[in-house]
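*Asks:* Supplied in structure tokens, the structure appears directly below.
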Amino acid sequence: MMDLRVELTKNPKEKPQGNLGFGKYFTDHMFVMDYSPENGWYNAAIVPFGPIEVSPACMCLHYGQEVFEGMKAYRNSEGGVQLFRPEENFKRLNVSNDRMCIPKFDEAFLLDALMKLVEIDQEWVPREEGASLYIRPFIIGTEPSLGAHSSTHFKFLIIMSPSGAYYETGLAPVKIYVETKYVRAVTGGTGFAKTAGNYAASMKAQDVAAEEGYSQVLWLDGVERKYVEEVGAMNVFFKLGDEIVTPALDGSILSGITRKSVVDILKSWGMNVQERMLSIDELVQAYKDGKLEEAWGTGTAAVISPIGELKYGDLVMEINQNQIGPISQKLYDTLTGIQWGKIEDTFGWVKKVD
Ligand SMILES: *Cc1c(COP(=O)(O)O)cnc(C)c1O
């Protein structure tokens, strides 16, 4: 296996106090690794956090050849540090790499390097209730060239940010705007890859929805504007009577690790959960029939985000009287319980750092 060089900082930073917010502060160290056609992935190192030097002609800056991941390290009840299904993030990053013409990397090596990085910066994992260390692995095309082709050189980095609780005042339902004009992704495109361009493409709709007082948009499919896909940058679930539905992974939907975990938890409770196509018309009909009982988004940042209101054209659908539903609450308690080590991890999802 490749060597991992470690260079510790000589100037450790003050840890931030008070409200951490999200993604604003960074730990003392970061992981870096380079790719060239001659060497493959090489130069893996943990080094002091700081600016990197790239050419202004660097390809990711012009053509967006980039992939990323988002995961967290949690402070458990014994005071130790643990990760949640980190191998899934590296697996998915290689799936994104394949789509974005970025060379694959050794997942086992990266997992070891991440464990080492978190161990070195473990004092940065917050101890406040609900706070965690957000981890951002990402890869950029670095070849200095304006030719519109795949980059020959790449850089892999992992940076880490102590972040506050997502819900400062506890779990709360959000208002969602069903987007019928803009689309995030199409089948055959890059929707299933975690890549910068998908986010750039979604900001306009997000801004318009925010101006109207909605916190996220519900994306419909890019061809017919008919089938439900995701909510903001989260996967989405609906309880329609006795059935719980989440859109099937059709190529334009990101395969969330929280989504996958929620499906497994619901099945372990003996619930009827289906991954299938769900049209907005079926959702509206279910609402009219009084069967749209609960809705929630899933993602690493929020874990579970209950949906209290859905606006589709002129129709405003209030869900569960704009209150957190029992399934949403139970899922939130179970997942966060496992992640922060407050309840037993019967699924084998937690990886301790020691
Ligand atoms: C990251 C992401 C998700 C959620 O994935 P998790 O692995 O659960 O964090 C969902 N949708 C999009 C578009 C994303 O980028």
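*Asks:* Count, please, the residues in the stretch 140-174 that happen to be in a strand (DSSP E or B) and farther than 26 Å from V6 by Cα.
*Replies:* 2
*Asks:* Are there strands (runs of 3 or more DSSP E) fully within the stretch 38-95 with at least 1 residues that are of a type outside the set (F, W, Y), open to solvent by 10 Å² or more (accessible area, probe 1.4 Å) and outside the structural domain of F154 (by TED's automatic domain parsing)? List them.
*Replies:* Output list is empty.
*Asks:* If you don't mind, there's one more thing I want to ask. Return the only residue of G197, G191 being within 16 Å of the ligand (Cβ to nearest atom) and outside any loop (DSSP other than H, G, I, E, B).
*Replies:* Testing whether each residue is within 16 Å of the ligand (Cβ to nearest atom) and outside any loop (DSSP other than H, G, I, E, B) leaves just G197.
*Asks:* For the stretch 297-327, what are the residues that are within 16 Å of the ligand (Cβ to nearest atom), open to solvent by less than 10 Å² (accessible area, probe 1.4 Å) and touching a Lys or Arg at 6+ places or on another chain (Cβ under 9 Å)?
*Replies:* T298, I307
*Asks:* For the subset of the stretch 205-226 comprising residues that are touching a residue at least 12 places away in the same chain (Cβ under 8 Å) and among the acidic types (D, E), which member is surrounded by the fewest Cβ atoms within 10 Å (Cβ to Cβ)?
*Replies:* Applying the filter and picking the extreme gives E212.
*Asks:* For the stretch 169-179, enumerate the residues that are in contact with a Phe, Trp or Tyr (Cβ under 8 Å, 6 or more places away or on another chain) and open to solvent by 40 Å² or more (accessible area, probe 1.4 Å).
*Replies:* Within the stretch 169-179, K175, Y177 meet the criteria.
*Asks:* In the stretch 2-37, how many are in a loop (DSSP other than H, G, I, E, B), under 21 Å from E143 (Cβ atoms) and either modelled with pLDDT under 95 or among the polar types (S, T, N, Q) (or both)?
*Replies:* Total satisfying the criteria: 0.
*Asks:* Among the residues of the stretch 82-107, what is the count of those that are touching a residue at least 40 places away in the same chain (Cβ under 8 Å) and either in contact with a Pro (Cβ under 9 Å, 6 or more places away or on another chain) or away from the ligand (no atom under 16 Å from the Cβ) (or both)?
*Replies:* So the count comes out to 10.
*Asks:* Just give me the residues in the stretch 200-216 being among the hydrophobic types (A, V, I, L, M, F, W, C) and within 15 Å of the ligand (Cβ to nearest atom), in sequence order.
*Replies:* Result: A200, A201, M203, A205.
*Asks:* Also: Starting from the stretch 289-316, take each residue that is touching a residue at least 40 places away in the same chain (Cβ under 8 Å) and farther than 18 Å from A131 by Cα and list its partners that are of a type in the set (F, W, Y) and part of a strand (DSSP E or B), counting only C-beta distances under 7 angstrom and pairs at least six apart or across chains.
*Replies:* Within 7 Å, the pairs are L292/F238; A295/F237; A295/F238; W296/F237; P306/W296; I307/W296; K311/Y177.
*Asks:* Quick check on my filter: what residues within the stretch 185-204 are open to solvent by less than 40 Å² (accessible area, probe 1.4 Å) and at pLDDT below 95?
*Replies:* Listed by number, the list holds a single entry, A185.
*Asks:* Do the conditions hold for I280, that is, is it crowded, with 22+ Cβ neighbours inside 10 Å and touching a residue at least 40 places away in the same chain (Cβ under 8 Å)?
*Replies:* So I280 does not fit the description; no.
*Asks:* Can I ask one more? Pairs only if they're at least six apart or on different chains, beta carbon under 6 angstrom, first in the stretch 249-269 and free of Cβ contacts under 8 Å to residues at least 40 places away in the same chain and within 13 Å of the ligand (Cβ to nearest atom), second among the aliphatic types (A, V, I, L, M) and open to solvent by 10 Å² or more (accessible area, probe 1.4 Å); list them, first residue then second.
*Replies:* Pairs that qualify, where the first residue is free of Cβ contacts under 8 Å to residues at least 40 places away in the same chain and within 13 Å of the ligand (Cβ to nearest atom) and the partner is among the aliphatic types (A, V, I, L, M) and open to solvent by 10 Å² or more (accessible area, probe 1.4 Å), are V263/V273.
*Asks:* Among the residues of the stretch 231-248, which ones are touching a residue at least 60 places away in the same chain (Cβ under 8 Å) and either away from the ligand (no atom under 16 Å from the Cβ) or not small (G, A, S) (or both)?
*Replies:* Listed by number, the residues that qualify are V231, M234, N235, V236, F237, K239, I244.
*Asks:* Are there any pairs, at least 6 apart or on different chains, whose C-beta atoms fall under 6 Å, with the first in the stretch 331-342 and crowded, with 19+ Cβ neighbours inside 10 Å and the second of a type in the set (K, R), and if so, which?
*Replies:* Between residues of the stretch 331-342 that are crowded, with 19+ Cβ neighbours inside 10 Å and residues that are of a type in the set (K, R), there is no close pair.
The values are calculated or read from the model by the stated rules, or taken from the named source; none is laboratory data. Just so it is clear, the structure is predicted and the values come from calculations on it, not from any experiment. Cβ sites come from the backbone with ideal geometry, for glycine too, and all protein chains shown count toward neighbours. Only protein heavy atoms, including side chains, enter the accessible area calculation; ligands, DNA and RNA are left aside. Shrake-Rupley method; radii C 1.70, N 1.55, O 1.52, S 1.80 Å.
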